[in-house]
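Trainee: Please see the structure below; I have some questions.
The values are calculated or read from the model by the stated rules, or taken from the named source; none is laboratory data. For clarity, every value in this text was computed on a predicted model and none was experimentally measured. For neighbour counting, all protein chains shown are included, and Cβ atoms are generated from backbone atoms with ideal geometry for every residue, glycine included.
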Amino acid sequence: MTAMQIIFLITGAILLAASTMVVTARNLVHAALWLIASLFTVAILFALLEAGFLAAVQVVLYIGAIAILIIFAIMLTRRVMQDSGPQTNTQWWLGGLIALALFGALWFILPSVVYPLANASVPDNSLKTLGFALVDMNQYALPFEVASVLLLVALIGSIVVAGDRK
């Protein structure tokens, strides 16, 4: 095994452990911190695949913005979340069965899709083309504005939920 393969396996194991902790942690703040750890390991995997742009976007956008926004919303709505009722659903087995079926379907479908793409060549100016496509306001103006309005509504909603009711 090469050093890159060993780093990949270690990073993959950390990613699996952190992802498991995201969905099993009882404390919401701890779950958000495990989410940051799992997103960071995905950025490491992107870096190992020599996709530096995607690794940087992963760190800046997902860890730097989305995960911090989640932690901010948790801190604002802390008093609302005092429910100590049961945290499990009685139909957890159905969700597990559906997840297992989806995993099996993806296990058989993905190799026929991914392997032909592995031999495809990437043009030299692909990053420049992507940059121009992202700033082309004729093509992506509406989705950009919809995303900004959605984030604004979520922020206002978290402030309303956290506010005093007098």
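Trainee: Kindly indicate which of Ser158, Ser112 is among the hydroxyl-bearing types (Ser, Thr, Tyr), at pLDDT 75 or above, in a helix (DSSP H, G or I) and more than 27 Å from Ala43 (Cβ to Cβ).
Mentor: None of the others qualify; the one that does is Ser112.
Trainee: Then there is this: Does at least one position in segment 80-95 carry a residue that is under 23 Å from the mean Cα position of the chain (by Cα), in a helix (DSSP H, G or I), at pLDDT 75 or above and surrounded by 10 or more Cβ atoms within 10 Å (Cβ to Cβ)?
Mentor: Within segment 80-95, one or more residues are under 23 Å from the mean Cα position of the chain (by Cα), in a helix (DSSP H, G or I), at pLDDT 75 or above and surrounded by 10 or more Cβ atoms within 10 Å (Cβ to Cβ).
Trainee: Shifting gears a bit: Does Val122 satisfy the criteria of being modelled with pLDDT under 75 and exposed (fewer than 11 other Cβ atoms within 10 Å of the Cβ)?
Mentor: Yes.
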